[in-house]
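The values are calculated or read from the model by the stated rules, or taken from the named source; none is laboratory data. Please read all numbers here as calculations on a predicted model, not as lab measurements. Counting neighbours? That spans all protein chains shown, and the Cβs are built from the backbone with ideal geometry, glycine included. Side chains included, ligands, DNA and RNA excluded: accessible areas come from the protein's heavy atoms. Shrake-Rupley method; radii C 1.70, N 1.55, O 1.52, S 1.80 Å.
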Amino acid sequence: MNHKKTLRLITDYFAGELSAPVSEQLMAHLEACETCRKEFEEFDELWSRTGEVLAEDSTIEQLSDERKDFIATAKALAAKTKKKSPTVTRRIIEYGAVAAILLIFAGMLLPALNSARSNGVMRSARNEAEYKRMETTMVDIADDKMTEGADSGGEAKEESTARALKIYRDGLAKQSGVRSRNRRTEFAETPIVLSGTVAKKTVRKQVKTKWAAGFEAADRDDTFGGDSNQFSARRSAPTLKQTDERLFVARRSAPTLGKDAKNEVLPMELKESLASGEARHKYALSKRKKSKANELQLAAQKPQSSSLRHPGAKSPQKIIMEKRLNQSSKSLVKADAVESNRFMGKIVVDRAEKKGLLRETESYADKEKSNKKRQRRIPVQRKVFKLNLKLWNITTVQNLRVLMQQRGYPLTARVSINRHDNTLTFYDTSANLMKAATLFSKLQAAEKELKDFRNGIPMLKTKLRPVSTFSIDTDTASYVQAKRMIMNGQRPDPMKIREEEFVNYFDYHYRSPKKTVFGVYLEAAPAPFRSGKVLLRIGVQGKKLGPNSGTVSSYTILFDGSGSMAAGNRLELAFQTMQLLFNRLSVNDRVSLIVCNEQPGLLFVGRRGGSKASLFQQLKRIKPAGAADFSAGLSLAYRTAMRNYLPGGINKVVIISDGIVKLPKAQLSEVMNEIDRSRRRGISNIVIGVGGDGDDQLLEKLAAAGDGSYVFIDRSKDAVELFNQQFDARFREIARDVKIQVEFNAAAVPEYRQIGYRNRQLSKADFRNDKINAGEVGSGQSVTALYEMKLNRELPAKMMLAIVRLRYKPIDSDEVIEEEFVITSNEVDRSFATATPGFKLATFVAEFAESLRYPETPGIASGSGVAAKLSPLFHRNFSNDGKVAELLMLTRKVK
Amino acid sequence: MPQEAVETIIHDNEAALLRYAWRYLHDDASAQDAVQVAFIKYVHHDKVIFNPRAWLFRAVRNYCLNLLKQQQRRPEISLEHTAEQSKGHSDAPDTELINREDGQIIRRCIDNLKPKHKEVVVLKLEHGRSYREIAMIMQATVSNVGFMLHEAMKQLRSDLAEELVR
């Protein structure tokens, strides 16, 4: 008995589920094995304690009396409605009744069966009724004779049937001779109409004949199967009649048979005999040319004469007769069927043409070959265009249609849009594709122009793209990292510069909104570094929440315990960060710590914030070593956060890392999905970066995906600031999915460009799609976005320049709020000098960021150029702001 | 079914069922609702029920889980409320305080178990149901119930050990 097995047995023992011999075995083992005994005792204690704790919860012991009464009433009701079990006599009566009903049915069926036997084939009740009706209305004598024939047996019966048939037909000819002739003329002419180009007018008519053909085909299934009996002979009479009275039958059968026949493929027999049918049809046509009247008579008399030739024939001969009968009538029908089939094919082509369905056209081509007459094929081609879909705001086919329409190219083709690959796939005729290609080459050229920095940073044409949409970004890590590099005498990597993170690092002292969640401040003034351009600043200030009263919070810290964290001051900074966080915990808050190295593990889970000393003590157990398996660590962290979820509180995963982690690309999407799921449940994150030589973009991505922000800590001062001044902003959100959309007025602003927010761009349609994840804003946090615009000269007063829309979800409600703000031409400052200090600062910061992002691009000021203008501003307005002083120093360092 | 049988079944099980429902819903009235619904379902059920007790437990469980789902709450047993409620009504001596502290830790540990494990623990340790009955209630197999209980106890023990190390 091994240890593991014993443990399981101990559980079962306490559960009272162990059989006597096994429990004896267990006892024997326990006596022998000390570790197991200890285990047993511990278990005993645990079991009883847990039981006690669970029993402590007091609750009501009884249902209230009225509820009991209610149940009693329900029971009484149920007893009343419930079926009593049937007694034996009742059963007998039931079975008897069923038997009687069966007998009656059998009695009714018997004569029918008999007559069917005499007829050879069972007729459906409807057929019979129809047939009866026809018989009575059309020819009474024939009817009588036929019934006679059906009733008598043997050869005489057959004979009489044939006679009846003849009389029947004669009657037909007498009664409706003229009319049927007219019909036939009409019918004979239809194939010619069809074989020519198809006019849409004939569609309805042809479908009708197709129905008729289907009806015939269905009939033929019976008659052609070699069934040599009287009934099929009788049925051939209506078939004949149909030949004469085609349209009448078609009309009658259309509602019932038309549905099936419309889409039905022709039966095999028909296909086989197609050639002969067509030949006959041709023959008929040639005859018709010679003498229409002659031909008609021929067609009318041919079946008659053939039936008369064998009045009393025996079965084999009868088959021949029937075949002749049918063929003569069919020759027309078949030919018609061929034509209408071809016509149906044409419909298929038309549809294919409309939808641009390539495959259907191709498969149809094969069918067509067999028909020998080739239809004109629609050459549909496939063409792929590569385009930055977000830039052109193409999310759906509708967007594309509008875009193309505006540029004079109506969308006719089938298109598929791949947003991940940025490709559009068109299926259309080559002529249309050429048209589309000219349009897209224009757009591609515009795209290419945007990537060309030789003549300064390119601007977007408002006419091409009047709407700019982006998600808010409150990260600041990019600036802190760049600062560290510059202080070390290095030039930061241009790819790691995110201008918006530079701009948002500074305080612009926007007024805090009193009633609404956000205050939006628009300001425009001439750009200081590039003449002729105007800068638009959009400042969004979030409201400041009151003091934290009673909100509980649950933090799950994911600590990167890889070996790289031991380098420099990283560990020290990380520990300080955690200690600062612990210090902020109140008694009801919870914190869990996960150390992520090769095997991520929980250091502690769900600890209350009360005992800070013990939390600090735990940190000493962390010893960074090895590589960090971040995918396992992240998933463990999020699972732990889920377990410690506090409804209505702050639930945050705090990721502390230097970015040197193991996170294979294959697992990245999985991790991102998990983060996204948690985000929807209300668990956000904050990524605290240290070190600065790791995967900066990964950390930014994690923060963006998890409704969080990415901050970088370089000095202990940063950490202190994060937990003192910025704590509310970073840890207490006021709104989620904050998006901004700016729509420029092309009449006033011919060109514009946005500064920064490159990886936060959204498509136009994403703005009102509330499923799209966008940036979060914390309490009292502000966000600033800048646009550079070129304005038309001599603008009329109060001309609208741009509409700014803000859309967000307040944290405490599910509704989505959209607000709209407008800036007009007379709100633009006369000169840069008269702009507000905040505006000036933002301009300088953005310019500095761009000088680092686009080194040696004409039109962008150098660091010292920024410094020259920043210095007076600093001394006048920001002399108390340490951040600005730092910036000034940095700008002076960069050449 | 005879009238007396229903009476006895109600009498025998109402307390346990109320406790069980309360564990999910944390509300006396809702728990009473759940039990009442279960009994009404029981009297309306026209097929033979072999184990009425397990059947009733299952009915209560289904009702509670459905309700929680409707309320968009997280469908698991939480001991959180108990902790708050039991705070008020007893001014105990020191030893009991320590015991209570202990109890809180156990509560929290149970709270941290997986939802299914938690259910097994409650059914076994609080209600003393057999594996067979638990299997019927939770729609699991008997061996699975045994395994879950074992896992739950193991987890509970390690969590407790960790908590008490401090």
inquiry  = Probe of 1.4 angstrom, ligands and nucleic acids ignored: what's the accessible area per residue over segment A:3-53, in square angstrom?
reply    = 57 Å²
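Residues of A:66-75, mean number of Cβ from any other protein chain within 10 Å of their own Cβ, rounded to a whole number?
Numbers: counts 2, 8, 6, 0, 3, 12, 6, 2, 7, 10.
Rounded to a whole number, the mean comes out at 6.
Just to be sure I follow: if Rg is taken over the C-alpha atoms of segment A:3-53 and Rh is the Kirkwood radius over the same atoms, what is Rg/Rh?
Working: Rg = 10.8 Å, Rh = 11.1 Å.
Rounded to two decimals, Rg/Rh equals 0.97.
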key: Relative contact order (percent, whole number), segment A:558-614, Cα cutoff 8 Å, 6+ residue spacing   = 38 percent
ask   = Of the heavy-atom accessible surface of segment A:3-53 (probe 1.4 angstrom), what whole percent is carbon and sulfur?
value = 50 percent
request  = Enumerate the amide H contacts of A:L545 below 5 Å, restricted to partners 5 or more residues apart or on another chain; note that Pro and chain-start residues carry no placed amide H.
outcome  = A:G780
request  = Whenever you get a sec, compute what percent of the accessible area on segment B:3-70 sits on carbon and sulfur atoms (1.4 Å probe).
outcome  = 51 percent
ask   = What size of dipole, in debye to the nearest 20, comes out for segment A:380-451 about its Cα centre when the only charges are +1 on Lys and Arg C-beta atoms and -1 on Asp and Glu C-beta atoms?
value = 20 debye
query = Which part of segment A:455-489 falls in the paramagnetic zone of A:Q725, meaning amide N under 19 Å from the point 7 Å along Cα-to-beta-carbon?
reply = A:474-484
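By its C-alpha gyration tensor, with a ≥ b ≥ c as the square roots of the eigenvalues, how is segment A:380-451 shaped: rounded for a/c under 1.5, else prolate for a/b larger than b/c, else oblate? Please report the intermediate quantities before stating the final value.
Numbers: a/c = 1.45, a/b = 1.32, b/c = 1.09.
Rounded, because the longest to shortest axis ratio a/c is under 1.5.
Quick check: convex hull of the Cα atoms in segment A:619-667, volume per residue, rounded to a whole Å³?
Working: hull volume 5.6 nm³, N = 49.
Normalising the Cα hull of segment A:619-667 by residue number yields 115 Å³.
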query = Rg and Dmax of segment A:553-731, using alpha carbons, in Å: what are they?
reply = 14.5, 41
key: Out-of-range pairs (alpha-carbon distance over 29 Å; input A:K515/A:K717; A:K652/A:K893; A:K4/B:K118)   = A:K515/A:K717; A:K652/A:K893
task = Express the accessible area of segment A:778-857 per residue in Å², computed with a 1.4 Å probe while the remaining protein chains stay in the model.
result = 44 Å²
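Kindly rank A:793-800, B:42-49, A:822-829 from highest to lowest mean number of other beta carbons found within 10 Å of each residue.
Packing proxy ranking, top to bottom: A:822-829, B:42-49, A:793-800.
Pairs B:K116/B:K154; A:K390/A:K463; A:K451/A:K869; A:K514/A:K544: which exceed 19 Å Cα-Cα?
Values: B:K116/B:K154 14 Å; A:K390/A:K463 16 Å; A:K451/A:K869 29 Å; A:K514/A:K544 9 Å.
Flagged as over cut-off: A:K451/A:K869.
Of the peptides A:19-31, A:853-865, A:750-762, how do they stack up when ordered by the mean number of other Cβ atoms within 10 Å, highest first? Before the final figure, lay out the partial values.
Values: A:19-31: 13.0, A:853-865: 15.8, A:750-762: 19.3.
Per-residue Cβ counts within 10 Å, averaged per peptide and sorted highest first, yield A:750-762, A:853-865, A:19-31.
Net charge within 12 Å of A:I660 by Cβ-Cβ distance, Lys/Arg positive one each and Asp/Glu negative one each, not counting A:I660 itself?
Details: positive: A:R570, A:K662; negative: A:D560, A:D658, A:D693, A:D695, A:D696.
Summing Lys and Arg as +1 and Asp and Glu as -1 gives -3.
Ignoring ligands, DNA and RNA and using a 1.4 Å probe, state the total buried accessible area between A and B in Å², rounded to the nearest 100. Don't skip to the answer; put the middle values down first.
On the way: alone 46550 and 10450 Å², together 52180 Å².
About 4800 Å² of accessible surface is lost on pairing.
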ask   = Counting partner chain Cβ atoms within 10 Å of every residue's Cβ in B:7-14, what's the average?
value = 3
ask   = With each label point set 7 Å from Cα along the Cα-Cβ vector, what nm distance links A:E598 and A:E52?
value = 4.4 nm
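Relative contact order of segment A:380-451: what whole-number percent is it, with Cα pairs under 8 angstrom and at least 6 residues apart? Before the final figure, lay out each step's value.
Details: 84 pairs, mean separation 29.2, N = 72.
Across segment A:380-451, relative contact order equals 41 percent.
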query = Can you list the residues of segment B:136-166 whose accessible area drops by at least 40 Å² going from the chain on its own to the full set of protein chains, with a 1.4 Å probe?
reply = B:H150, B:M153, B:R157, B:E162, B:R166
Buried on assembly, segment B:115-134 (at least 30 Å² less accessible surface than by itself, 1.4 Å probe) = B:K124, B:L125, B:Y131
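Please state the charge dipole magnitude for segment A:779-895, taken about the Cα centre, from unit charges on C-beta atoms (+1 on K and R, -1 on D and E), reported in debye and rounded to the nearest 20. Before the final figure, lay out each step's value.
Numbers: 15 positive and 15 negative charges, 141 e Å.
For segment A:779-895, the charge dipole is close to 680 debye.
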query = Under a Cβ-Cβ cut-off of 12 Å, what is the net charge of the residues other than B:A38 that fall near it, where Lys and Arg count +1 and Asp and Glu count -1?
reply = +3
query = What distance in nm separates the simple spin-label points at A:L110 and A:K4, each placed 7 Å from Cα in the Cβ direction?
reply = 7.7 nm
Residues with amide H under 5 Å from that of A:V552, placed H, sequence gap 5 or more = A:I650
inquiry  = What does the net charge come to around A:V804 if you take all other residues with beta carbon closer than 14 Å to its beta carbon, with K and R at +1 and D and E at -1?
reply    = -2
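Taking 0.36 nm per residue of sequence separation and subtracting the Cα-Cα distance, how much length would be gained by fully extending the chain between A:S19 and A:Y95, in nm to one decimal? The partial results should precede the final answer.
On the way: separation 76, 0.36 × 76 = 27.36 nm, distance 5.16 nm.
The span from A:S19 to A:Y95 would gain 22.2 nm if fully extended.
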request  = Using a 1.4 angstrom probe on heavy atoms only, work out the carbon and sulfur share of the accessible area of segment A:553-731 in %.
outcome  = 49 percent
